[in-house]
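S.K.: Pasting in a structure now, in structure tokens, and then I'll have a few things to ask.
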Amino acid sequence: MLVVATLSLKGGVGKTTVALGLAGAAQQHGVRTLLVDLDPQANSTIALDTAPTLATVADVLDEPRRSVLDRAIAPSGWGDGLDVLVGAEQTERHNNPDPTPKQLGRLRRALQRLVENDGLLGDTFGSAEVDDPYRLVIIDCPPSLGQLTRSALAAAHRAVLVTDPTMFAVSGVQRAFDAVQTERQRGNSELQPLGVLINRVRPRNSEHEFRIGELRELFGPLVLSGVLPDRSAIQQAQGACLPIQRWDTPGAREASAVFTLLLGRVLRSDRVRRDGTAPEAAPIAPPATH
Ligand SMILES: Nc1ncnc2c1ncn2[C@@H]1O[C@H](COP(=O)(O)OP(=O)(O)OP(=O)(O)O)[C@@H](O)[C@H]1O
Ligand SMILES: [Mg+2]
């Protein structure tokens with residue numbers, strides 16, 4: 001089970017869009033996935049057309065027990081293979097600016113419960129492949145560096161840093177890298193940045209080209225080669241509670257291709273994490289038909 005957080009320390013740059021796009025790609029390629037909606041705005045829970053539950057992620061953070069998790073996880077309305085740990089406004093009560101280490105560890109403990117077998121944990125977190133109900137867990141973070149985002153970093157193996165191609169991108173991405181680094185030093189040594197995904201790129205926009213160049217110069221290969229274009233199809237698909245992969249327009253196909261690339265990077269990274277094979281050795285399955 002690989003845990004990936006979508007992160008930015010600025011609001012509205014596309015964390016939820018990337019979490020949903022990656023979840024849609026995973027579902028399309030038969031990768032069983034849980035999306036954890038850690039944002040009190042609960043945007044991804046809504047866009048995933050999730051059925052009502054008896055509990056939410058806020059309750060899971062109160063009591064990170066399997067029975068609470070079971071009540072807070074629902075199948076997404078997008079179909080088989082994609083579940084949601086449901087978000088709620090009440091999650092805000094877990095967003096203290098100065099959390100204790102115990103509070104920061106609650107999401108990680110809850111996700112560990114997913115790989116438990118008859119009360120026993122796998123040898124290390126995320127390595128109990130036989131019993132893993134999910135191959136991928138995606139955490140959609142809120143736009144601040146409070147307890148919630150830091151809990152996501154404490155629970156994640158990889159962080160996708162999302163940015164837009166604007167003047168403040170470099171400082172925002174740098175601060176997000178710093179947050180990842182701080183968490184690595186604080187306790188989660190497995191955490192690594194998966195890469196920087198640049199969102200809402202408009203073609204032939206010289207300011208965007210300049211900012212993308214700036215990011216590539218500073219962050220090198222960590223800047224993902226597939227940038228996500230600004231396309232109204234993304235908003236339309238979200239408004240219709242459908243995955244972009246099932247929105248059949250040229251703009252949607254462009255965006256889907258970027259999410260397939262991102263999924264490939266995620267799965268290669270998982271393979272490298274687990275057994276140290278070369279990144280090229282981890283192909284993704286062909287798209288499933290719906
Ligand atoms: N590439 C894109 N093309 C068009 N619209 C986009 C794109 N990416 C995001 N949007 C739209 O921009 C808005 C903000 O995106 P999103 O909700 O993904 O950002 P966020 O970082 O999760 O925001 P928040 O910080 O509030 O959680 C949404 O309405 C979304 O549909
Ligand atoms: Mg969001």
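S.K.: Can you give the FRET efficiency to the nearest 0.05 for residue 205 and residue 100, using r as the Cβ-Cβ distance and R₀ = 45 Å?
M.R.: Rounded to the nearest 0.05, the efficiency is 0.50.
S.K.: At 222 nm, what helix-only mean residue ellipticity would the chain give, in deg cm²/dmol to the nearest 500, using -39500 (n - 2.57) for each DSSP H run of four or more?
M.R.: Computed mean residue ellipticity for the chain: -12500 deg cm²/dmol.
S.K.: Based on the Cβ-Cβ distance of residue 174 and residue 274, what FRET efficiency does E = 1/(1 + (r/R0)^6) give at R0 = 25 Å, to the nearest 0.05?
M.R.: With R0 = 25 Å, the Cβ-Cβ based efficiency is 0.25.
S.K.: With all protein chains present and a 1.4 Å probe, how do 241, 141 order by accessible area, largest first?
M.R.: 241, 141
S.K.: Pop the C-beta distance of residue 167 and residue 254 into the FRET formula with R0 = 25 Å and round what comes out to the nearest 0.05.
M.R.: Efficiency, rounded to the nearest 0.05: 0.50.
S.K.: What Kirkwood Rh does region 1-72 have if only Cα atoms enter the pairwise 1/r average? Answer in Å.
M.R.: 13.4 Å
S.K.: Sticking with this structure for a sec: Would you mind getting the accessible area per residue of the chain, heavy atoms of the protein chains only, 1.4 Å probe, in Å²?
M.R.: Here the per-residue accessible area is 43 Å².
S.K.: Here's another thing I want to ask about it. How would 259, 219 line up by accessible area, probe 1.4 Å, largest first?
M.R.: Largest to smallest exposure gives the sequence 219, 259.
S.K.: In the chain, carbon and sulfur make up what percent of the accessible area (probe 1.4 Å)?
M.R.: Taking all protein chains in place, the chain shows 52 percent carbon and sulfur surface.
S.K.: On average, how much area does the Cα convex hull of region 2-275 cover when viewed from any direction, in nm²?
M.R.: 13.5 nm²
S.K.: How far apart, in nm, are two points set 7 Å out from the Cα along the Cα-to-Cβ line at residue 51 and at residue 71?
M.R.: Each label point lies 7 Å from its Cα, and together they span 1.7 nm.
The values are calculated or read from the model by the stated rules, or taken from the named source; none is laboratory data. Since the model is a prediction, treat every value here as computed from it, not as a measurement. We place every Cβ from the backbone using ideal geometry, glycine too, and count neighbours over all the protein chains shown. Keep in mind that these areas ignore ligands, DNA and RNA; they rest on the heavy atoms of the full protein, side chains included. Shrake-Rupley method; radii C 1.70, N 1.55, O 1.52, S 1.80 Å.
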